[in-house]
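Let me begin by presenting the structure, written as structure tokens, before commenting on it.
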Amino acid sequence: MRRSVSINLGLDRFSGLYLWAVFVIVFGVWTPDLFLTMSTVHSIASAQAITGMLGIAVLIPLACGTYDLSIGATVNISAVLAGSLQTGQHLGLWPAILVALVSAVLIGIANGFFVVVLGINSFIATLGMATVVGAFQAIATGNTQPNPPTGRTWNNLAQYSIGGFQVVVLFLLAIVLLAWWALDHTPAGRYLYAIGGNREAARLAGVHVDRWTWLSLVASSTICGIAGVLYSSLNGPSLTFGAALLLPAFAAAFLGSTQLTPGRFNVWGTVIAVFVLATGVQGLQFVTGVQWLSDMFNGVALLTAVGFAVWRQKTSKARLDRTPAPARDDSGPAPADIDAPPDAPVALSG
Amino acid sequence: MPSRPAPAATTPPASPSDPLPASLVVSGLRKSFAGHPAVDSVDMTIAPGEIHALLGENGSGKSTFIKILSGYHRPDAGQATVAGRPLRFGSVDASYQLGCRFVHQDLGLVDACSVVDNLSLSAGYPLAFGTIRGGEARRIAQESLRRVGVDVDVRRRAAELSPALRTGVAVARALRRDVSARAHLLVLDEPTATLPHDQVDQLLEIVRQVAALGVGVLYVSHRLAEVRRLADTVTVLRDGRRVAQRRMADLSHGELVDLLTDGHAVAAARPRHAEPGKVLLSARHVRSGHLRDLSFQVRSGEVLGIAGLSGSGREMALASLFGAVMRDAGLVRVDDTDLAPGRPDRAIAAGLAYLPPDRKTHGGIMTLSAAHNIALTDLRPFWKRLRLRRRPEIAETHRWFSALAIRPARATTARLETFSGGNQQKILFAKWLRRRPRVLLLDEPTQGVDIAAKADLHEQIRRAAAEGGAVVVSSADLEELGAVSSRVLVIRDGHIVAELGHDEATVPTMLRHSLGGESGRT
């Protein structure tokens, strides 16, 4: 019994890391000159930096059981504003960035208003907000892609090279560390997870449920604002990239919740998920060269991993039900499961 | 009642000349949980068309008895036949096939759906080429409602109906025509507990209509007055044993109350309570839901019990004081602080603590660890140099685990859901005790808790009071109230009807006041 638990523990909690190792070995043997190079490492790292930030952005509201579907639109408008204000409105570099960030924060405040004050289901409220922000973006740009700014400082913002890595990777690291500290080492994180676990019980324990839900949405949109500015510096102010990042960000957060501390949305799990998927996709692309791989791979991986975790949860629940007083001793592993946020889309009718 | 002809056989067992077999015959039914008999050698006979009341206080074995009939529990011994055919125990499906139907207090209607949908969801829709024949479905629904004497527009949503009509729809759904399994027995579990008083008559009429169809009715209720008007026969359970099966007409209200309450030993070895000190909590004219007017004071060192049947308004008492639910009116004051309604955070800051009745949905956060649940009420002691320190948190959790004998003793970081009910409840006690609250509000503190854990929790309640706090316990378990309280308030129909001192608060007295005394309410 004890033995089987510890074996499962490895597979459950660190399956992502095992998979990562498998990818590295398989593709390393297959195409060593392409795959096993520092340039591959550098390119995966910076290509996924923005996705990683957005994964953290959705993770924070998810921890308290709230969806933020406006991240795609927010990161997009932030990128477009940061770029077009410089080239179109001839604003300085820093004022343009400031306006982009403030806009993102305002979107988060508005999200919070709709979710907390008006009580709209977060899935709907943030979806509506995403659409409205998209419309604002069309107004601001007239649907023509702004010219990318060309200043050296602007380019260096995300592209400055440190030991081969673009500096955007360091920004990701900073955001990850900050989110990890906030969620795992501060009262704020405790409150968010408590709200996500049982909103009413948290309220009855004196947690300011509304305040923290609101703050989580503002935190999410603020990270999106930063990610948008960096994306713009990295790739130019594209009009459409945001929507394409929405699903990968959620996929990473949900995949991440099957890792390290299964059943709990967590920062490092999300980061692992982002990079494991990217490594797999990169390797397969080297081998086959087809374009649809990334979508196929991400989707299949998400369904497989989350499906496996749900199945594990069912079997471990059944085991709990059979034993009336489960004698789990000390810090045994929690069952692998997925905490569906309370206002998951299935509950929209409620 | 006079309008209905007396059923063929009200004196069990059914006379041999009766052409119809009895709806239900139960003999020697026995069921123990962990060596503790919940139902002990119970016999019962219900004739077709008979309304049979099942009475007994909490824990007397009523719900176990019903759950055996419904196939949920498998009894240790005994037989049952339904309309002459032997019931195979332990199968919900077998119970249905023999003709047993159940309507629980939670009716299980889909509020957002129309009445016709509610009736058709389980019975199936009439179809033509795979499409619902709306008119036919409505006609069938209308007809099954009319059988039980309910007349509503079946296109209305269930949520729009009055509580009595909703119960009627649930009854009609239970008794719907099913060619493969005719209904012989309808079990109604406390159907009027949450019903406004002016709607009780309407429901009783529906029950009579059902009986007139030749269905035996087993009617479980706390409300003696309505039972006396409705039932032909009555079975009284006490501590799992049948203490009487009688014709209702042969019993006076007083005799019925005596049957329910007699033979109870007054809880032994009740502790002496310290002299009460200053007033810590006062409530003035608090109104919320069924609770019409609650006014009382609790002093330091006191354990105040609140008794009352379900539906009396007692359920709302502590929740509305704490702010878990909004109160409609009234003042609540802790020490010198007036509490804003609906603000648990302020109540906690003022020194209140509240243990909700349902630990799964309101009390604990099942997906978090025991340590995190306990720490949630006050994280300040662990917040040092910009981090929550794990070690002092685990150390404090360990102290509470050993102080309250929580098992398994080393599982401080296991998820709350992995603990047994009693240990979960102890963990939730710890979560509040660590704040050293001025006033502890405990709603059903030992519901679903084993006997040993119950004794531990009672000890904690006494200790909290002895250390200068005040405790208010609201419980359906009268023995518990008798065991821990220095004073008991009894709530009936939303008002306090009695205040019993330490020595008066015996189970029979509390029950008498809860039920409405000797004279009854009619």
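The values are calculated or read from the model by the stated rules, or taken from the named source; none is laboratory data. Being a predicted model, the structure only gives us computed values, none of them experimental. Neighbour counts run over all protein chains shown; Cβ positions are idealised from the backbone, glycine included.
Return the residues of segment A:283-303 that are surrounded by fewer than 21 Cβ atoms within 10 Å (Cβ to Cβ) and over 16 Å from residue A:249 (Cα atoms); say none if nothing qualifies.
A:284, A:285, A:286, A:287, A:288, A:289, A:290, A:291, A:292, A:293
Within 14 Å of chain A (Cβ to nearest Cβ) and crowded, with 18+ Cβ neighbours inside 10 Å: does that describe residue B:355?
yes
If a residue must be in a loop (DSSP other than H, G, I, E, B) and in contact (Cβ under 8 Å) with a residue 60 or more places away in the chain, how many such residues does segment B:290-331 contain?
Total satisfying the criteria: 10.
Scan segment B:92-109 residue by residue and report those that are touching a Lys or Arg at 6+ places or on another chain (Cβ under 9 Å), part of a loop (DSSP other than H, G, I, E, B) and at negative phi.
Within segment B:92-109, B:107, B:109 meet the criteria.
Going by what's in this entry, would residue B:413 be described as farther than 22 Å from residue B:457 by Cβ and crowded, with 20+ Cβ neighbours inside 10 Å?
No.
Criterion first (surrounded by 23 or more Cβ atoms within 10 Å (Cβ to Cβ), within 24 Å of the chain's Cα centre (by Cα) and not in a helix (DSSP H, G or I)) does residue B:481 satisfy it?
no
What number of residues within segment B:408-430 are at the interface with chain A (Cβ under 7 Å from one of its Cβ atoms) and in contact with a Phe, Trp or Tyr (Cβ under 9 Å, 6 or more places away or on another chain)?
Here the count works out to 3.
I need the full set of residues from segment A:278-312 which are modelled with pLDDT under 80, in a helix (DSSP H, G or I) and over 23 Å from the mean Cα position of the chain (by Cα), in order please.
Scanning segment A:278-312 gives a single hit, A:312.
Pick out the one residue from A:119, A:189, A:196, A:108 that is away from chain B (no Cβ under 14 Å), touching a residue at least 12 places away in the same chain (Cβ under 8 Å) and either surrounded by fewer than 15 Cβ atoms within 10 Å (Cβ to Cβ) or part of a helix (DSSP H, G or I) (or both).
A:108 is the lone residue from the list that is away from chain B (no Cβ under 14 Å), touching a residue at least 12 places away in the same chain (Cβ under 8 Å) and either surrounded by fewer than 15 Cβ atoms within 10 Å (Cβ to Cβ) or part of a helix (DSSP H, G or I) (or both).
Which of the residues that make up segment A:59-88 are of a type outside the set (A, V, I, L, M, F, W, C) and not in a loop (DSSP other than H, G, I, E, B)?
Within segment A:59-88, A:61, A:72, A:74, A:76, A:78, A:83, A:84, A:86, A:87 qualify.
State all residues of segment A:1-45 that are modelled with pLDDT under 90 and closer than 30 Å to residue A:217 by Cβ; if no residue qualifies, say none.
A:13, A:16
If you check every pair at least six apart or on different chains, which have Cβ atoms under 8 Å apart with a residue in segment B:377-392 that is assigned by TED's automatic domain parsing to the domain that holds residue B:429 and surrounded by fewer than 16 Cβ atoms within 10 Å (Cβ to Cβ) first and a residue that is part of a strand (DSSP E or B) and not charged (D, E, K, R) second?
Close Cβ pairs (under 8 Å, with a partner that is part of a strand (DSSP E or B) and not charged (D, E, K, R)) amount to B:389/B:383.
Regarding segment B:190-200, can at least one residue be identified that is part of a loop (DSSP other than H, G, I, E, B), without any contact (Cβ under 8 Å) to a residue 60 or more places away in the chain and over 22 Å from residue B:67 (Cβ atoms)?
Yes.
Is it the case that residue B:446 is at pLDDT below 90, among the hydroxyl-bearing types (Ser, Thr, Tyr) and buried (at least 22 other Cβ atoms within 10 Å of the Cβ)?
So residue B:446 passes the test.
It is to be established whether one or more residues within segment B:198-215 are of a type in the set (A, V, I, L, M), closer than 16 Å to residue B:312 by Cβ and under 21 Å from the mean Cα position of the chain (by Cα).
For segment B:198-215, residues of a type in the set (A, V, I, L, M), closer than 16 Å to residue B:312 by Cβ and under 21 Å from the mean Cα position of the chain (by Cα): present.
Would you check which residues across segment B:332-345 are part of a helix (DSSP H, G or I) and either more than 9 Å from every other protein chain (Cβ to nearest Cβ) or surrounded by fewer than 18 Cβ atoms within 10 Å (Cβ to Cβ) (or both) and list them?
B:345
State all residues of segment B:372-399 that are within 17 Å of residue B:421 (Cα to Cα) and more than 10 Å from every other protein chain (Cβ to nearest Cβ); if no residue qualifies, say none.
B:374
Test of understanding: among A:174, A:244, A:179, A:253, which residue is touching a Leu at 6+ places or on another chain (Cβ under 6 Å), assigned to a helix (DSSP H, G or I) and within 26 Å of residue A:43 (Cα to Cα)?
After ruling out the rest, the residue left standing is A:253.
Evaluate the following for residue B:348: is it farther than 23 Å from residue A:266 by Cα, outside any loop (DSSP other than H, G, I, E, B), at the interface with another protein chain (Cβ under 9 Å from one of its Cβ atoms) and among the aliphatic types (A, V, I, L, M)?
yes
Which residues, taken from segment B:146-159, are in a helix (DSSP H, G or I) and out of contact with any Asp or Glu (no Cβ under 9 Å at 6 or more places or on another chain)?
Hits for segment B:146-159 are B:146, B:147.
Suppose we keep only residues that are hydrophobic (A, V, I, L, M, F, W, C) and assigned to a helix (DSSP H, G or I) within segment A:199-211. Which one would you say is farthest from the other protein chains (Cβ to nearest Cβ)?
Once the filter is applied, the top-ranked residue is A:209.
State yes or no: is residue A:264 basic (Lys, Arg) and not in a helix (DSSP H, G or I)?
Judged against the criteria, residue A:264 is a match.
In segment B:133-185, how many residues are without any contact (Cβ under 8 Å) to a residue 12 or more places away in the chain and of a type in the set (A, V, I, L, M, F, W, C)?
1
Report yes if some residue within segment B:452-468 is without any contact (Cβ under 8 Å) to a residue 40 or more places away in the chain and within 14 Å of chain A (Cβ to nearest Cβ); otherwise report no.
yes
Given the conditions (1) in a helix (DSSP H, G or I); (2) surrounded by 15 or more Cβ atoms within 10 Å (Cβ to Cβ), report the number of the one that residue B:143 does not fulfil.
(2)
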